[in-house]
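K.L.:
What follows is a single structure, and I will ask about it in a moment.
The values are calculated or read from the model by the stated rules, or taken from the named source; none is laboratory data. All figures in this text were calculated on a predicted structure; none of them were measured in a lab. For neighbour counting, all protein chains shown are included, and Cβ atoms are generated from backbone atoms with ideal geometry for every residue, glycine included.
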Amino acid sequence: MESPVDRETVRLWRVHKTIHQLVHDRGYVVSQAELDMTLSEFIQTFGAGNTVVDRAALNFLVQKRDEPSEQLFVFFPEDVSVGVKPVRGYLERMNEQGVFRAIVIVRQSMTPSAAKVMITMAPKYVLEQFSEAEMVVNITEHVLVPQHIVLSDEEKKTLLAR
């Protein structure tokens, strides 16, 4: 029988893979090696010499393919329920590095106070929150989900006229 640590490592690997695909699909620069990372490579890179994954090591920064000055942080908080303190720490780090967008991948939930802090920082800072459970599978790769593309203004007018 598999140990809980092993299941959590596999889960984090799948979340890591999905978030890299997500930011790649949004037009950010992600290496093919990160997109194709195997479970053993993931454990070797983030396992810190054992099977427990260091969540802080999973945090990363990417830049937009067409606009290198537009960057995005992805944070993996350690806490099961993320409070105000880590969110303020992320905002501080974003401010120091001049980054105005971030995605926070929470283990289970975020406290109402932390969510309120994220909302009050908008529109200067845009922080999106996803749970690990939402990110285990990339739903955009499911056969029943059509490819989504952003329409140009002209295409919107044509569609709305129909």
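K.L.:
Which condition number does residue 104 fail, the rest of (1) touching a helix residue (DSSP H, G or I) at 6+ places or on another chain (Cβ under 8 Å); (2) surrounded by 16 or more Cβ atoms within 10 Å (Cβ to Cβ); (3) in a helix (DSSP H, G or I) being met?
P.N.:
Evaluating residue 104 over (1) touching a helix residue (DSSP H, G or I) at 6+ places or on another chain (Cβ under 8 Å); (2) surrounded by 16 or more Cβ atoms within 10 Å (Cβ to Cβ); (3) in a helix (DSSP H, G or I) leaves (3) as the failure.
K.L.:
What number of residues within the range 10-36 are in contact with a helix residue (DSSP H, G or I) (Cβ under 6 Å, 6 or more places away or on another chain) and among the polar types (S, T, N, Q)?
P.N.:
Residues meeting the conditions: 1.
K.L.:
Taking residue 119 and the conditions (1) part of a loop (DSSP other than H, G, I, E, B); (2) of a type in the set (A, V, I, L, M); (3) loosely packed, with under 10 Cβ neighbours inside 10 Å, which numbered condition does it fall short on, given that it satisfies the others?
P.N.:
(1)
K.L.:
Which is of a type outside the set (Gly, Ala, Ser), within 20 Å of residue 26 (Cα to Cα) and in a helix (DSSP H, G or I), of 158, 140?
P.N.:
140
K.L.:
If you don't mind, another one. Using the structure shown, decide if residue 52 is at negative phi and either at pLDDT 90 or above or buried (at least 18 other Cβ atoms within 10 Å of the Cβ) (or both).
P.N.:
no
K.L.:
Another question about this same structure. Are any residues in the range 137-148 at pLDDT below 75 and among the hydrophobic types (A, V, I, L, M, F, W, C), and if so, which ones?
P.N.:
Within the range 137-148, 139, 143, 144, 145 meet the criteria.
K.L.:
A further question on this structure: For residue 97, are the conditions met, namely being out of contact with any Asp or Glu (no Cβ under 7 Å at 6 or more places or on another chain), polar (S, T, N, Q), under 26 Å from residue 17 (Cβ atoms) and at pLDDT 90 or above?
P.N.:
So residue 97 fits the description; yes.
K.L.:
Same structure, new question: I'm trying to understand the selection: among the residues of the range 122-137, which are in a loop (DSSP other than H, G, I, E, B) and of a type in the set (A, V, I, L, M, F, W, C)?
P.N.:
122, 136, 137
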